[in-house]
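Please read the structure below before turning to the comments.
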Amino acid sequence: MMDLKVDEEEVESGQPVSLEAFASSSTLHGLSHIFSYERLSVKRVFWTLCFLGSFALLLFVCNERIQYYFRYPHVTKLDEVTTSNMTFPAVTFCNLNEFRFSRVTKNDLYHAGELLALLNNRYEIPDTQMADEKQVEILQEKANFRNFKPKPFSMLEFSDRAGHDIREMLLSCLFRGEPCAPEDFKVVSGYFVPLPP
């Protein structure tokens, strides 16, 4: 980007700015050395050659990249391997709702409500404008901790109980033409992986 620092007096007078004044106030590299008030010198010739060479290189590279872009080059490499016995692949189910709200208890909410972003640090419901009214009512009922005696809490037990169940998520499964069922999977660190055959 070029920044011109021209004196206000020259602009207000209506006179065009001289090339030397323009070059000396420009931040475009090299112009102040090429168009200077001094007479022709080796320094000015050197700066002119450098400037023109850089500009020519810029045009060359831009032209080459544009031509390359319009050639639409692509490479597709495909290796096909046949096998008689395939191992069952690891499967990951991604769900933004990590826990089922219907399985969250008052004790869960007391211990992990802030972690689940359902309560703030004062055990209050932070924002209800975007939520479903029925869900907010259930949450308000569960978040009423008056006369509540908390029980011990285990995050592992909570994750197993309130996490998603593959029996509810797996609608159909076929592997090598044979049906597979939820019993063919096991949970490892919150991920379902197949059981060995």
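Which shape class, rounded, prolate or oblate, goes with the range 124-165 when its Cα gyration tensor gives a ≥ b ≥ c as root eigenvalues, a/c under 1.5 marks rounded, and past that a/b bigger than b/c marks prolate?
Working: a/c = 2.71, a/b = 1.32, b/c = 2.05.
In terms of gyration-tensor shape, oblate.
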**OP:** Give me the percent of the accessible area of the chain that comes from carbon and sulfur atoms, probe 1.4 Å, all protein chains in place.
**Re:** 57
Original post:
Using 7 Å Cα-to-Cβ label points, what is the L52/S154 separation (nm, one decimal)?
Top reply: 8.3
**OP:** Multiply the residue separation of Q135 and Q67 by 0.36 nm, subtract the distance between their alpha-carbon atoms, and state the gained length in nm to one decimal.
**Re:** 18.7 nm
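Test of understanding: what is the full-extension gain from M86 to E20, defined as 0.36 nm times their sequence separation minus their Cα-Cα distance?
Working: separation 66, 0.36 × 66 = 23.76 nm, distance 7.65 nm.
Result: 16.1 nm gained on full extension.
How long is the gain from L28 to F93 if the chain were fully straight, where each residue apart is worth 0.36 nm and the alpha carbon distance is subtracted?
Values: separation 65, 0.36 × 65 = 23.40 nm, distance 5.51 nm.
So the chain would gain 17.9 nm between L28 and F93.
I need the shape label for the range 26-92. Rule: rounded when a/c is under 1.5, else prolate if a/b > b/c, else oblate, with a, b, c from the alpha carbon gyration tensor. Walk me through the intermediate numbers first.
Details: a/c = 6.02, a/b = 4.00, b/c = 1.50.
Here the range 26-92 falls in the prolate category.
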Original post:
Please state the relative contact order of the chain as a whole percent: Cα pairs under 8 Å, 6+ residues apart?
Top reply: 16
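How big is the dipole moment of the chain about its Cα centre under a simple scheme where the beta carbon of each Lys and Arg is +1, that of each Asp and Glu is -1, and everything else is neutral? Debye, nearest 20, please.
About 740 debye.
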Original post:
Does anyone have the angle between helix 133-142 and the longest principal axis of the chain? Alpha-carbon axes, 0 to 90°, nearest 10?
Top reply: 60
Original post:
What longest range of the chain stays clear of loop-exposed chymotrypsin sites (Phe, Trp or Tyr not before Pro) (DSSP non-H/G/I/E/B, at most 15 other C-beta within 10 angstrom)?
Top reply: 38-92
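Over every pair of different alpha-carbon atoms in the chain, take the mean of 1/r and invert it; report that Kirkwood radius in Å. All intermediate terms of the calculation are to be shown ahead of the outcome.
Working: mean 1/r = 0.0387 Å⁻¹.
With all distinct Cα pairs of the chain included, I get 25.8 Å.
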Original post:
Using a 4.7 Å Cβ cut-off, which Cys residues in the chain lack a partner cysteine?
Top reply: C50, C62, C94
**OP:** Measure off 7 Å from each Cα along the Cα-to-Cβ vector at L171 and L115, then give the distance between these two points in nanometres to one decimal.
**Re:** 3.2
Subject >> Loop trypsin sites (Lys or Arg not before Pro), the range 83-160, which have at most 13 other Cβ atoms in a 10 Å radius of their Cβ (DSSP) >> reply: R122, R146
Original post:
So what is the calculated 222 nm ellipticity per residue for the chain, using -39500 (n - 2.57) for each DSSP H run with n of 4 or more, over all residues, to the nearest 500 deg cm²/dmol?
Top reply: -11000 deg cm²/dmol
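Looking at the range 81-135, which GluC sites (Glu not before Pro) are in a loop (DSSP not H, G, I, E or B) and have at most 10 other Cβ atoms within 10 Å?
Working: sites: E98, E114, E124, E133; in loops: E98, E114, E124.
Here the sparse-neighbourhood loop sites are E124.
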Original post:
What residue among Q135, Q15, Q67 shows peak mean-square fluctuation when the chain is described by a Gaussian network model with Cα springs under 10 Å?
Top reply: Q15
**OP:** For the chain, compute the number of Lys pairs whose alpha carbons are separated by less than 22 Å, excluding pairs fewer than 8 positions apart on the same chain.
**Re:** 6
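The values are calculated or read from the model by the stated rules, or taken from the named source; none is laboratory data. Predicted model only: the values in this text are computed from it and were never measured. All Cβ positions, even for glycine, are placed from backbone atoms using ideal geometry, and neighbour counts span all protein chains on display. In case anyone asks, the SASA skips ligands and DNA or RNA and just uses the protein heavy atoms, side chains included. Shrake-Rupley method; radii C 1.70, N 1.55, O 1.52, S 1.80 Å.
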